[in-house]
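Working notes, structure below.
The values are calculated or read from the model by the stated rules, or taken from the named source; none is laboratory data. Keep in mind that this is a model prediction, so the values were computed, not measured. Cβ: placed from backbone, ideal geometry, glycine included. Neighbour counts: every protein chain shown. Only protein heavy atoms, including side chains, enter the accessible area calculation; ligands, DNA and RNA are left aside. Shrake-Rupley method; radii C 1.70, N 1.55, O 1.52, S 1.80 Å.
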Amino acid sequence: MNKKISKLIAIVVVVFVLLIVILNCFSTVGPTERGVIITLGKPSEEVLSSGLHFKLPFVQTIKKYDITPVQYKKSLGIGTDGALTADQQTIGVDYELFWKYKPEELYETTLKYSNKDIIYERISTPLKEIIKDEVSKISVTELVGSLTTISQKTEERLKERLGEMPIAIESVSIVNIDWSDDYDKQIKETANRRQQVQIAQQEAEIAAAQAQKLVKEAEARRQAAESDAQAEIARANGDAEAKKIRADAQAYENQKIAQNLAVMEAQWEYEIELERAKKWNGVEVSSQSIYVPNTYDLKTGAKQ
């Protein structure tokens, strides 16, 4: 009985060992992964694609690399570690980097950069230096509007610096900036002064507009007065001209009446002369009439 149990246990152990061995003969590489076979610590130059792969159990392992972009986030704190702007203001910078493995260079990665910490050590120092250098070219007042430009230039320079590494830099972004409390107070004071200046400018513009309005109103009144005066002058001139026209018309009418009277008188004289001519007996009579007075008796009144 004991022999049977011991035999059964031995069979179970063998099956379990065989199962472990069989399971260690295969390894699955995921859809977003690539693999490198390592035999007794030495990597193979062949890069395994996604799928099921055979390996020698206990002798070979398959190191897998996720080839999707990896996020790397860091910050430069305000103070000695911060970035210094062109106008000597120390600022803090929050930035992030996305990078990924180059599938075709995983052999070199396995040899030199099998640990992500090694990659981050190689990235960290040049990335800080480049960001600080780019920030130093811009004043703090221009910084907010220049974050995209700084990010692009940092990305270009970092790719050049890390060109020999078996990784690809996908993007670099400045996600946030910060400054000291003292400078924050200066910003608030400046903003308050700017607001006061704007208010004063607005008040001055309003006063100028009101003054301009008064000037325009006065000018309008002056023009209206001139127009009224010109209208009065025109009316007076019109009245005088009308009187002159009426006087001229009356004089003309009188002249015509006089001419008509003269014509009528001439006609009358002509008619009188005509009547005389009809009655004339051919005897010329002196134009000087001889007056023969009658003789009266002054006492009796009888004609002598």
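Mind giving me the FRET efficiency for Glu96 and Leu52? R0 is 35 Å, r the Cβ-Cβ distance, nearest 0.05 is fine.
Details: r = 36 Å, r/R0 = 1.02.
E between Glu96 and Leu52, to the nearest 0.05, is 0.50.
With the cut-off at 26 Å, report for region 65-194 the share of all Cα pairs above it, as a whole percent.
On the way: 2559 of 8385 pairs.
When all Cα pairs of region 65-194 are counted, 31 percent exceed 26 Å.
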Projecting the Cα atoms of Leu106, Gly35, Thr61 onto the charge dipole of region 1-151, where Lys and Arg contribute +1 and Asp and Glu -1 at Cβ, the residue farthest towards the positive end is Thr61
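Given a 1.4 Å probe and every protein chain left where it sits, what share in percent of the accessible area of region 58-207 is carbon and sulfur? Write down the numbers at each step before the final one.
Details: 3980 of 8740 Å².
Heavy-atom surface of region 58-207 belonging to carbon and sulfur, 1.4 Å probe: 46 percent.
What fraction, in whole percent, of alpha-carbon pairs in region 1-54 exceed 13 Å separation?
Working: 1003 of 1431 pairs.
Value for region 1-54: 70 percent of Cα pairs lie more than 13 Å apart.
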With label points set 7 Å from each Cα along the Cα-to-Cβ direction at Glu170 and Leu8, the distance between them in nm comes to 5.6
Expressed in nanometres to one decimal, the distance between label points 7 Å along Cα→Cβ at Glu129 and Asp87 is 2.9
With the label point 7 Å along the Cα-to-beta-carbon line of Asp66 and a cut-off under 17 Å to each amide N, the hits in region 6-40 are 28-36
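Residue separation times 0.36 nm, minus the C-alpha to C-alpha distance between Asn254 and Ala218: what's the value?
Values: separation 36, 0.36 × 36 = 12.96 nm, distance 5.29 nm.
Gain in length upon complete extension: 7.7 nm.
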